[in-house]
Every structure is written in C-alpha cells, then in structure tokens.
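The values are calculated or read from the model by the stated rules, or taken from the named source; none is laboratory data. Not measured: the values here are computed from a predicted model. Here Cβ is always computed from backbone atoms with ideal geometry, including for glycine, and neighbour counts include all displayed protein chains. Quick note on the areas: whole protein, heavy atoms, side chains included, nothing else; ligands and nucleic acids left out. Shrake-Rupley method; radii C 1.70, N 1.55, O 1.52, S 1.80 Å.
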Amino acid sequence: MDVENRSQKIVSEDIRRKIQEFRLMDDEFMTACFEGQPGCMELILRIILDRSDLVVDSVDVQMYLKNLQGRSLQLDLHSQTDGSEYNVEFQRDAERAMPKRARYHGSVMDANALKAGEDFDRLPETYVIFVTEDDYYGCGEAVYHVERFVTNADGGRLFDDGLHILYVNGAYAGDDDMGRLMHDFRCKDPEDMNYSELKERTRYFKETEEGVRKMSEVMKSYVDEEVHKEKLKTAVKMLENGKLSCDEISKILDLPLEEVEELAGKKSA
C-alpha cells in the first residue's frame with residue numbers, strides 16, 4: 001500500500017471514530033439526522049410541549065433568516081404547522097443561550113412572518129425552544145416556560161402576544177418522557193436510545209456505509225463553513241486596518257472579491 005492510500009485509510013478511520021462520538025446535541029449530527037425527517041421534529045415537539053395532537057409535515061434545518069439590516073440568523077430546526085411556527089436550537093454553550101438571543105430569534109421570525117399589508121393578527125403563535133447542554137436556570141426542572149406578563153394587573157396578567165420561549169434542560173434525567181428524550185439527545189450508542197425515530201436515524205449515520213459517507217460529507221461542509229467564517233472575520237480586521245485594498249484582501253484570503261467589497265460597504269455605511 002503506497003503512502004497516499006495509507007493516508008486516506010487513516011483519515012477514513014479517524015472520521016469513523018469521530019462519527020461514533022457524535023450525539024444529537026452536536027450541530028453536525030443533529031442537522032444530518034433531522035434533515036428531511038418531520039417525524040423526528042414531531043416527536044421532540046410533542047414531548048417538549050406536551051401536545052400529543054401536534055402534527056409536523058416538514059422541517060427545515062440550518063435555515064437562514066435576515067433582519068432589515070441584513071444580519072443573518074441561522075435556525076437549527078424550523079417548522080411551520082397548524083398556524084404556529086417552531087424553532088428548536090441546540091445550545092451547548094451557555095453564552096449562546098442568553099435571554100436576549102432567544103428574544104432576537106423570536107423577533108426575526110416575526111419580521112419574516114408577515115407579507116406587506118398583512119395585519120398583525122396574522123402573526124403566528126411562535127415557539128423558540130433552546131435545548132441547553134446543562135440546566136441553564138439550575139432549578140432541576142425539565143423545561144422552563146418563559147412568558148410576558150403585565151406585572152401590575154391582577155397580580156400579573158398574561159401579555160398574550162403569541163411568543164413562547166422555552167429552555168429545555170439537556171441534563172434532565174427524570175423517569176418520564178422528557179428524561180428519556182434528553183437521554184437520547186446525550187446518547188452516542190443508538191442501541192441505548194429510547195425512541196425508535198431517533199434510534200434509526202442515529203444508527204443509519206453511524207452503522208451503514210451510506211450513512212457514514214454522508215455524515216463525513218456533512219463534517220467537511222461544516223469545516224469549510226467555519227474556515228470561511230474565520231476568513232470573513234480576518235477580512236473585517238484587515239479592512240479596519242485600512243492598509244490593503246479589497247482586491248488585495250480577496251487574493252490573500254482566497255475570498256470572492258464581491259464578498260470583501262460587501263464587507264467594506266457595510267463598514268462605510
């Protein structure tokens with residue numbers, strides 16, 4: 001076996017080992033498992049919201065939305081069903097689960113929900129659900145429900161604006177449906193999972209050749225995306241320094257000139 005083939009075999013084995021370590025709490029693996037799988041989205045929404053009647057027809061993964069200033073927001077899992085809109089975010093980093101981030105998710109979803117001229121009462125019921133690695137509020141609850149209230153009316157009257165924010169405790173281990181679901185989110189071995197929908201998707205990407213190949217492609221795309229983001233951050237710093245032209249930055253960082261010019265335009269706006 002020549003050096004190139006040995007290198008490819010080592011890389012392949014390394015990727016396989018990494019795939020075996022993935023859990024549904026990990027972005028790359030969650031994206032692959034839920035893409036095109038409304039049944040998985042339906043399962044987790046039914047359990048988290050305690051609504052056995054909820055039916056999900058479709059699910060979008062890593063969906064991009066923009067605000068009026070052009071700032072992008074990437075939604076992990078998104079679904080619209082029964083006149084309501086759902087966003088489920090897997091937040092391993094506590095800082096990314098801050099309340100203002102949840103508020104921003106709801107506001108951008110609202111901003112994209114209405115067409116020109118539509119009345120505000122057409123806004124859907126909106127659910128922003130953060131599944132956190134640990135117990136964000138530290139009170140041992142499985143789910144924390146966040147609602148707005150009129151504080152000086154009848155001891156606290158609900159401000160019924162249709163936005164519902166939930167924090168799901170990823171460390172919860174109770175002997176109930178939520179505990180079993182959180183176990184599955186943390187689990188690496190599909191044989192130890194409780195819910196067949198999640199078990200089968202996990203098994204597919206960890207134990208079949210087709211699934212492993214697809215998962216390795218997902219991993220590569222995530223790496224490429226992260227590298228691209230770092231290049232953009234570097235380009236911004238170089239533009240701030242003011243010593244290089246957009247064309248020079250484009251060539252140094254191997255970025256499309258249009259992207260660098262767009263960054264320069266945003267800075268000068």
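Name the residues in the stretch 141-163 that are open to solvent by less than 50 Å² (accessible area, probe 1.4 Å) and either closer than 20 Å to Glu95 by Cα or part of a loop (DSSP other than H, G, I, E, B) (or both), would you?
Within the stretch 141-163, Ala142, Val143, Tyr144, Ala153, Gly156, Gly162 meet the criteria.
Which residues, taken from the stretch 128-180, are of a type in the set (Ser, Thr, Tyr) and in contact (Cβ under 8 Å) with a residue 24 or more places away in the chain?
Matches in the stretch 128-180: Thr132, Tyr136, Tyr137, Tyr144, Tyr167, Tyr172.
Name every residue in the stretch 164-179 that is open to solvent by less than 60 Å² (accessible area, probe 1.4 Å) and either in contact with a strand residue (DSSP E or B) (Cβ under 6 Å, 6 or more places away or on another chain) or small (Gly, Ala, Ser) (or both), in order of residue number.
Across the stretch 164-179, the qualifying residues are His164, Ile165, Leu166, Tyr167, Val168, Gly170, Ala171, Gly174, Gly179.
If you go through the stretch 245-255 one residue at a time, do you hit one that is part of a helix (DSSP H, G or I), open to solvent by 60 Å² or more (accessible area, probe 1.4 Å), hydrophobic (A, V, I, L, M, F, W, C) and more than 26 Å from Thr132 (Cα to Cα)?
Yes; the residues of the stretch 245-255 include at least one that is part of a helix (DSSP H, G or I), open to solvent by 60 Å² or more (accessible area, probe 1.4 Å), hydrophobic (A, V, I, L, M, F, W, C) and more than 26 Å from Thr132 (Cα to Cα).
Check whether at least one residue in the stretch 113-125 is closer than 30 Å to Arg186 by Cα and either assigned to a strand (DSSP E or B) or more than 18 Å from the chain's Cα centre (by Cα) (or both), and report yes or no.
yes
Might you let me know whether the stretch 193-205 holds any residue that is outside any helix (DSSP H, G or I) and either surrounded by 15 or more Cβ atoms within 10 Å (Cβ to Cβ) or acidic (Asp, Glu) (or both)?
yes
Looking at (1) under 17 Å from the mean Cα position of the chain (by Cα); (2) outside any loop (DSSP other than H, G, I, E, B), find the lone condition where Arg180 falls short.
Every listed condition holds for Arg180 apart from (1).
Tally up the residues in the stretch 11-38 that are closer than 16 Å to Phe185 by Cβ and out of contact with any Phe, Trp or Tyr (no Cβ under 9 Å at 6 or more places or on another chain), please.
Residues that pass the stated criteria total 3.
Looking at the stretch 89-106, which of its residues are open to solvent by less than 60 Å² (accessible area, probe 1.4 Å), closer than 21 Å to Asn67 by Cβ and of a type in the set (A, V, I, L, M, F, W, C)?
Scanning the stretch 89-106 gives Ala97, Ala102.
Do we find that Val128 is closer than 18 Å to Met25 by Cα, open to solvent by less than 60 Å² (accessible area, probe 1.4 Å) and in contact with a helix residue (DSSP H, G or I) (Cβ under 9 Å, 6 or more places away or on another chain) in this structure?
yes
Cβ-Cβ distance below 9 Å, separation of 6 or more or different chains: which pairs start in the stretch 99-114 with a residue that is polar (S, T, N, Q) and end on one that is surrounded by 15 or more Cβ atoms within 10 Å (Cβ to Cβ)?
So the pair list comes out as Ser107/Leu163; Asn112/Leu65.
Suppose we keep only residues that are assigned to a loop (DSSP other than H, G, I, E, B) and touching a residue at least 40 places away in the same chain (Cβ under 8 Å) within the stretch 39-76. Which one would you say is most open to solvent (accessible area, probe 1.4 Å)?
Taking the candidates together, the pick is Leu68.
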